[in-house]
Structure formats: structure tokens, C-alpha cells
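This report concerns only the one structure given below.
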Amino acid sequence: MRIDIITLLPGLLEGPFSDSILKRAADKGLAEVHVHNLREYGFGKHRQVDDYQFGGGAGMVIMIEPVEKLLDELKAERDYDEVIFVTPDGDLFDQSTANALSLKENIIILCGHYKGIDQRIRDHYITKEISIGDYVLSGGELAAAVISDAVIRLLPGVLNDETSALTDSFQDDLLAPPVYTRPSEHKGWKVPEVLLSGNFKAIDEWRQSEAEKRTKERRPNLWNKKTSSGE
Ligand code: 6GU
């Protein structure tokens, strides 16, 4: 899979892709992330990418042409399955969106900006608008990193068996059960007996029941969605 991210702040995206799982995915050739600096497609000596908004009002707006030029360049190289705009007014990102995106070959993520972008880019080039939650970030870069992480870790071969994405919270609409490691007792705090029992059927049942208890208590909406979907 290939993800092309378009941003005015490429520096914000250097960290997330140069470490840990995302780095491993890149090293193994399973995912490529390319960050493009929109500034390089701006007008004139100052590489201008934004201008005053029609109708007046504070705040500049990103112009069509720099974005269009970069999109045209990318699309001339390969077909893209989605051109995503990350913005607080987009559809809320969740595990099912991550799962769906992980099946795509090539996607573009255009980062929004506090300035806003010309609506015609959204109308004519964007195929999907995504928000990562009901709060406001300074720009779409961190959202693009969140989405890329959630998608890339699902690609076959990125995680090993032990950390397999199949056992994640949310993958079955259940939160994950509690986990413990050595020592089995610390300051009188004991690991649940069943986990030390060697009885794997009992352990599975305990984990399932703890996952259900957690989901009911902490995320009643998730629990109701699950139980009303006929599972
Ligand atoms: Cl995608 N962008 C910004 N700027 N803020 C957000 C967001 C995106 N998702 C939640 N808040």
C-alpha cells in the first residue's frame, strides 16, 4: 500500500513514520508513505499557496491551483483509490473505516489547515472527508498520522502473530480484557487466579467475560451497537 500525504507542515510528519511499527512496515516494503510539501507548488518567488477569502473575513484560504498541480502529478503516476481530506467536519474515523482503507492500494491524504481550503477542491477532487474526533487540532497532520497508523498496522505482515490486529480492542466491537505479567503478586496485589491455572478454556472464558464487562461499563454505546446487530 502507498499513502501520499499533502501538507504545508511536512516536519510534523517526520516523527511518526520513522519509528516502530510504521518504520518496520516501510522497511519490509509493506507500506510506503510519501510526504509532499504543498509549499513547493505555490506561486511566485514566495511560493504563495493561500489568498484572502472572497466575501471578506479573517483568515486566508488555500488556493485551488497548487493543490491541483500536485494532485495531477501524483495521478499521472498511478491510480488512486481515495483522495481523503482530513477535517474536523468530516465523517468520524473508526475501526471499520480503518479496515476498509487497509484494503486499498493507493490513497492520498490532504491535510486541512486552520486557514481552510477553497471549497472547490473538496467538491471536485476529494472522495472522502474524515475527522478523527470531536475536538479541534491545529491542522490535519496529526490526524493523517493517526489514520495512517491505524491502517498500516492492519496490513498482513506488519504485526507478528502475538500482536495480531485480530485481537485488538474494537476489532470485534469489544474492548480488550485486562492483562498481567510477572510478578504474580506485588504488595499483596494478586493476578486473577484463573490466569495462573493453565486451564485455557477457563482463561478464554474469563477474558471474554472481562471484555464484555468492560465494554458495557465504559462504552455502553459500543455494547448496544454490538448487541443490536444480532451477534
Ligand atoms: Cl482531521 N483536523 C483538524 N484540524 N482537527 C481535527 C481533525 C482533523 N479531526 C479532529 N479534529
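Contact list please: Cβ distance under 6 Å, first residue in the stretch 120-134 and over 18 Å from Asp81 (Cβ atoms), second residue more than 13 Å from the ligand (Cβ to nearest atom), pairs at least six apart or on different chains.
Close Cβ pairs (under 6 Å, with a partner that is more than 13 Å from the ligand (Cβ to nearest atom)) amount to Arg120/Ile64; Ile121/Ile64; Ile121/Val67.
Looking at Leu196, is it away from the ligand (no atom under 16 Å from the Cβ) and either within 17 Å of Ile84 (Cα to Cα) or crowded, with 18+ Cβ neighbours inside 10 Å (or both)?
On the way: away from the ligand (no atom under 16 Å from the Cβ): yes; either within 17 Å of Ile84 (Cα to Cα) or crowded, with 18+ Cβ neighbours inside 10 Å (or both): no.
No.
Take the residues in the stretch 108-163 that are part of a helix (DSSP H, G or I), out of contact with any helix residue (DSSP H, G or I) (no Cβ under 6 Å at 6 or more places or on another chain) and open to solvent by less than 10 Å² (accessible area, probe 1.4 Å), then tell me which one is farthest from the ligand (Cβ to nearest atom).
Only one residue tops the list, namely Ser148.
Which residue out of Glu105, Glu82 is surrounded by 15 or more Cβ atoms within 10 Å (Cβ to Cβ) and over 29 Å from Asn224 (Cβ atoms)? Lay out the reasoning, then the answer.
Numbers: Glu105 fails: surrounded by 15 or more Cβ atoms within 10 Å (Cβ to Cβ).
Criteria check complete, one pass: Glu82.
Is it the case that the stretch 181-189 has a residue that's among the charged types (D, E, K, R), loosely packed, with under 12 Cβ neighbours inside 10 Å, on the phi > 0 side of the Ramachandran plot and assigned to a loop (DSSP other than H, G, I, E, B)? Walk me through it before giving the result.
Of all residues in the stretch 181-189, those among the charged types (D, E, K, R) come to 182, 185, 187.
Adding the requirement that they be loosely packed, with under 12 Cβ neighbours inside 10 Å leaves 182, 185, 187.
Of the ones still in play, those that are also on the phi > 0 side of the Ramachandran plot are 187.
Checking the rest, the ones that are also assigned to a loop (DSSP other than H, G, I, E, B) come to 187.
Yes, the conditions are met somewhere in the stretch 181-189.
Looking only at the stretch 63-107, count every residue that is free of Cβ contacts under 8 Å to residues at least 60 places away in the same chain and within 16 Å of the ligand (Cβ to nearest atom) and tell me the total.
13
Restricting attention to the stretch 1-39, and to residues there that are without any contact (Cβ under 8 Å) to a residue 24 or more places away in the chain and outside any loop (DSSP other than H, G, I, E, B), which single residue is most open to solvent (accessible area, probe 1.4 Å)?
Checked the stretch 1-39; the qualifying residue most open to solvent (accessible area, probe 1.4 Å) is Asp27.
Could you grab me the full set of residues in the stretch 40-75 that are loosely packed, with under 13 Cβ neighbours inside 10 Å and in a loop (DSSP other than H, G, I, E, B)?
Gly44, Lys45, His46, Phe54, Gly55, Gly56, Gly57, Ala58, Gly59
Hey, does the stretch 185-198 have a residue that's modelled with pLDDT under 90 and of a type outside the set (Ser, Thr, Tyr)?
Applying the first criterion (modelled with pLDDT under 90) to the stretch 185-198 yields none.
So far as the stretch 185-198 goes, no, none of its residues is modelled with pLDDT under 90 and of a type outside the set (Ser, Thr, Tyr).
The values are calculated or read from the model by the stated rules, or taken from the named source; none is laboratory data. If you're wondering where the values come from, they're calculated on a predicted model, not measured in any experiment. Cβ sites come from the backbone with ideal geometry, for glycine too, and all protein chains shown count toward neighbours. What goes into the accessible areas is simple: the full protein's heavy atoms, side chains included, and nothing from ligands, DNA or RNA. Shrake-Rupley method; radii C 1.70, N 1.55, O 1.52, S 1.80 Å.
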